[in-house]
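Read through the structure below, which is laid out as structure tokens, and then see the notes.
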Amino acid sequence: MEPDDRKVGPLDPLDARRRGFLGDATISRNRKLTPSRYREGYYVPGRSRRRIMCGRYDLSENAAAIMARFHVLKVFDTNEFAPNRDVRPTDRAPIVRLAKGSDERELALARWGLVPSWAKDLKSGASRINARAETVATQRAFRAAYNARRCLVPVSAFYEWSGPKGKRQRWRVSLRDEALFALAGLWEWWKDATTGDWIQTYTVITTDANEAIRPLHDRMPVILERSDEGRWLDTNGDATALLAPYARNAMLLEPR
């Protein structure tokens, strides 16, 4: 029986590797980025041989649950939101940020894939769904947002893949004691020169993988502790210490 055909429950990823569930996670630079490869979270060709982290996630909760969990008092354009178990690049999804000129949190819809104000079109956002913690404060595309427009990206879980082509295993990664948690993000405004419309976009910050994720990928999204969420949103303080791998024992990996 092939590893992908086995019926298994939640596994420790290190044990999963020993049992043959985890394999190579690389892709040739010359492979075309098709919609199916977006679904599996691959980088834009020529950028990297590794897959995107994080490139898809689950947000199963509704707006009311998100507002309660993150103590949101204001809502900015969330009429189109519905729970989505498979959020993908360029989808619109909720983010939590501080309202303009206020310390109150608000919920807003934004397009996944940050587009800097100076970008010519929205297409560039597809290559900016993630920002590296090591360079986010200095890289031209992200530094303005890092200094002024941080956000929380609510998720129920995120996805990763392992195994060779044709036998890929999807993994759902969640927290053991949190049905809804926050990834560290940045958001930005971009104006369409043709229509004059203002569009909000966002990115998810990644850091080195912890021991739970490392068998799947060398990067992981920055997961914020509840007690650190306000500190991340406060752009007046230094938040670089928050951009670190999350505790391994708090995470749950389930094959799907």
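No lab work stands behind these numbers, since they all come straight from the coordinates. It should be emphasised that the depicted structure is a prediction, and the values quoted were computed from it without experimental measurement. All Cβ positions, glycine included, derive from the backbone under ideal geometry; neighbour counts span all protein chains shown.
Observations
- Listed cross-link partners Lys120/Lys191; Lys74/Lys100; Lys123/Lys191; Lys100/Lys123 are compared with a 20 Å cut-off, the Cα-Cα value being larger for Lys100/Lys123.
- 5 angstrom amide H check on Arg85, placed H, neighbours 5+ away: Leu59
- Amide H contacts of Cys151 (H built 1.01 Å from N, in plane; Pro and chain starts excluded): Gly185, Leu186, Trp187 sit under 5 Å, all sequence-distant by 5 or more or on other chains.
- Rounded, prolate or oblate (a/c below 1.5 giving rounded, otherwise prolate when a/b exceeds b/c) for region 116-253 by Cα gyration tensor: oblate
- Per-peptide packing, taken as the mean over residues of other Cβ atoms within 10 Å, places 185-191, 246-252, 225-231 in the sequence 185-191, 246-252, 225-231 from highest down.
- For region 87-103, putting each phi into the Karplus relation 6.51 cos²θ - 1.76 cosθ + 1.60 with θ = phi - 60° gives couplings of 6, 10, x, 6, 5, 9, 8, x, 10, 10, 9, 7, 5, 4, x, 8, 9 Hz, in residue order, rounded to whole numbers and with x for Gly and Pro.
- Legend: ranking of residues Ile66, Ile129 from fewest to most surrounding C-beta atoms inside 10 Å; resulting order Ile66, Ile129.
- Computed extension gain for Thr195 through Ala148, at 0.36 nm per residue and net of the alpha carbon distance, reaches 14.3 nm.
- If R0 is 30 Å, the Cβ-Cβ spacing of Ala244 and Glu80 corresponds to a FRET efficiency of close to 0.30.
- Taking the centroid of alpha carbons for each part, region 56-85 and region 117-173 are 19 Å apart.
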